[in-house]
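Since every read-out is calculated from the coordinates, none of them should be taken as a lab result. None of the values given here were measured: they were computed from a predicted structure. Here the Cβ positions follow ideal geometry from the backbone for every residue, glycine too, while neighbour counts run over all protein chains shown.
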Amino acid sequence: MGTGQEFEDFVRARSAALLRTAYALAGDYGHAEDMVQTALLRTARRWAAARAAPDAYARKVLVNLCRDRTRWMRRRPRESVLVDGAGPPGAVELADRVGQQRSVIQALRRLPAGQRRVVVLRFLEDMSVAETADLLGISPGTVKSYTARALASLRVILDDTAPVPARGASEVFRAH
């Protein structure tokens, strides 16, 4: 591909942030890892065009991959839920730290896909209304209404079902 040191530096510097975004969008760590790998591959393939704003390019690829995954998930049979405690090794030790994050991710999963994308981009990625609208190809008014509806839904979903986070939402995601 011949992307060089500049791309490698980008990957080292931004992979963790892209993984947090993908995890928040997909709600599944395995799928998030796959989405980040695909996004980085596509960014590398188009490095000449992406090098001016690689974060924006990779984020756009992640959003598009999430849209594709949502469409694909609608067409496939539902998966069965694992029994509690059937997680990866060391999960018990991480349960307290991950508890808040899991509650937030589960709440995000319950939002419609468009609202979830807006919330992730606005609050996890710290993007403005205009940047979010541009990235998603929707109007700023739609971003604002999706944000208002999503936050109202999240308040209802998270009320009484999760402890009040001691940290900001973006810090909860970074804990993983």
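Add +1 for every Lys or Arg and -1 for every Asp or Glu among the other residues with Cβ under 12 Å from the Cβ of Phe10, and state the total.
My count for the surroundings of Phe10 gives -1.
Going by a ≥ b ≥ c, the root eigenvalues of the Cα gyration tensor, does the stretch 4-75 fall in the rounded group (a/c under 1.5), the prolate group (a/b larger than b/c) or the oblate group? Walk me through the intermediate numbers first.
Values: a/c = 2.51, a/b = 1.74, b/c = 1.44.
Here the stretch 4-75 falls in the prolate category.
Between beta-carbons, use under 11 Å as the cut-off and find the net charge around Val119, counting Lys and Arg +1, Asp and Glu -1.
+3
Arrange the peptides 137-149, 111-123 so that the one whose residues have, on average, the most other Cβ atoms within 10 Å appears first.
With the highest mean Cβ count within 10 Å placed first, the list reads 111-123, 137-149.
Take the Cβ-Cβ distance between Thr38 and Arg149 as r, set R0 to 22 Å, and report the resulting FRET efficiency rounded to the nearest 0.05.
Calculated transfer efficiency: 0.15.
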